[in-house]
1. Which of Val282, Val166, Val361 moves most in a GNM of the chain, Cα contacts under 10 Å?
2. In the chain, with Lys and Arg counted as +1 and Asp and Glu as -1 at Cβ, which of these residues, Ala283, Thr300, Val100, has the Cα nearest the positive end of the dipole, that is, farthest along it?
3. Of all alpha-carbon pairs in the chain, indicate the percentage at a distance above 40 angstrom.
4. If the cut-off is a Cα-Cα distance under 16 Å, which aspartates and glutamates reach Lys287, setting aside same-chain residues fewer than 8 apart in sequence?
5. Based on the mean of other beta carbon atoms within 10 Å per residue, what is the order of 203-210, 259-266, 134-141, most packed first?
6. Say the dipole of the chain comes from +1 at the beta carbon of Lys and Arg and -1 at that of Asp and Glu; which of Val259, Leu142, Asn201 then lies farthest toward its positive end?
7. Under the Kirkwood approximation applied to all pairs of distinct alpha-carbon atoms, what is the hydrodynamic radius of the range 54-149 in Å?
8. Need the list of aspartates and glutamates near Lys126 for cross-linking: C-alpha distance under 15 angstrom, and skip anything on the same chain fewer than eight residues off.
Amino acid sequence: MNRNRFTRVALGLGGASIVVAAALTVACDSAPAPSSAESATVLPREAFQAILDRRVAEGVPGIVLRVETKDGEVWSGAAGVAALDGPPMMPTARLPIFSVAKMAVATAALSLVEDGVIDLEDPIGKWVDAATIADLPNADRLTIRHLINQTGGVRDYWDDDFTAAVVADTGRQWAPEELVAHAAAGAPAGSPDDGDADYANTNYVLLGLVIEGATNSPLSAVLRDRVFEPLEMSQTASWEEATLRPQANGYIEDGGELVDVTGVDLSLSWAAGGLVSNAEDVATLTKASVLGGGVLSDETHTSVMTTFTPWNEGLEYGLGLMRVTAFGSPTYGHMGDGPGYTSLSLYDPAAGVGVVVLMNVTAEEARMQTYLEVMQALGLYDQLEE
């Protein structure tokens, strides 16, 4: 496998820097039409399947789509294969969801805040071992709030050097402290005082360490007790639990060929994205995060939906949620990508529409193309460019 190619496709768990730019390249130049609840009452099922079939024809090995309207109508479908020369992809398939997992980790942390176990203004040094953050710039000024909403200026550990280390030993198991140390080796992305959102997976690795330090329990157990079980997410588990495994191989595209990278150990993302889930559970998590009525109180949910910091054009980051405003009415949720897999889960409250896209290939543009075509099929966004 070409190492430079791996770097380009795998760098940046979550597609933070280019997700909206990629989306804008496939949207039309005219202003998007406002969303309307009335336009989502009938699901164009044949159109949805045709969208998936197009992605496969374009080279995506396998893809899952789930669309839900405010009245509870659901369409779930899939196309392609779970493995080359293997079985077909199923709508219920479990896949690594990478940064979509941040919604679950943020929810667990906020539930601990509600219970008085931690406080958003706690310095991270109150809960994280001093040796772990000794070399991290501005560590003495970082709070839990900075971690959750990505405003502390922490550098992302996922850079070219880290990618090279992953390529050199794809089966290596990474300790969270190693990920933090890698981030600490370079200049910070910003400052806790600049008011900017600097997306970094390091923030959620640190948040995972805070959760473990405050509860004296493994992160996986806290997520299960505080998020998965209350929301009845039976098909979701932390990678480190080893109870549920992906049901599809993961691929990257290299020179026109698909390279199987299934063996990459997901400890490389840990609290930043080390969950395996399926489309139904991801939709459940997203709806609870966006609509409330799940794990968190109404007061906390209001804070989640009103606390956002500008990040990229048309994109803001909040308390574990992305807010995308590039296409009309705001949509909320998260996107994720890593070696071999790409995910998206967005909910448009104005239209009452939730969309989940899971793919067993690293392909950010295909993810956004799929989302926009789905919304177009529902009559919610302007026509896409031919």
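1. With Cα springs under 10 Å in the chain, the top fluctuation among Val282, Val166, Val361 is at Val166.
2. In the chain, that residue is Ala283.
3. Here the long-distance tail beyond 40 Å is 9 percent of all Cα pairs in the chain.
4. Glu68, Asp71, Glu73, Glu229, Glu232, Asp298, Asp348
5. Result, highest mean first: 203-210, 259-266, 134-141.
6. Val259
7. It is 17.3 Å.
8. Excluding near neighbours in sequence, the set is Asp140, Glu212.
The values are calculated or read from the model by the stated rules, or taken from the named source; none is laboratory data. Just so it is clear, the model here is predicted, and its values are computed rather than measured. Neighbour counts are summed over all protein chains in view; Cβ atoms, including those assigned to glycine, are modelled from backbone coordinates with ideal geometry. With ligands, DNA and RNA removed, areas are computed over all heavy atoms of the protein, side chains included. Shrake-Rupley method; radii C 1.70, N 1.55, O 1.52, S 1.80 Å.
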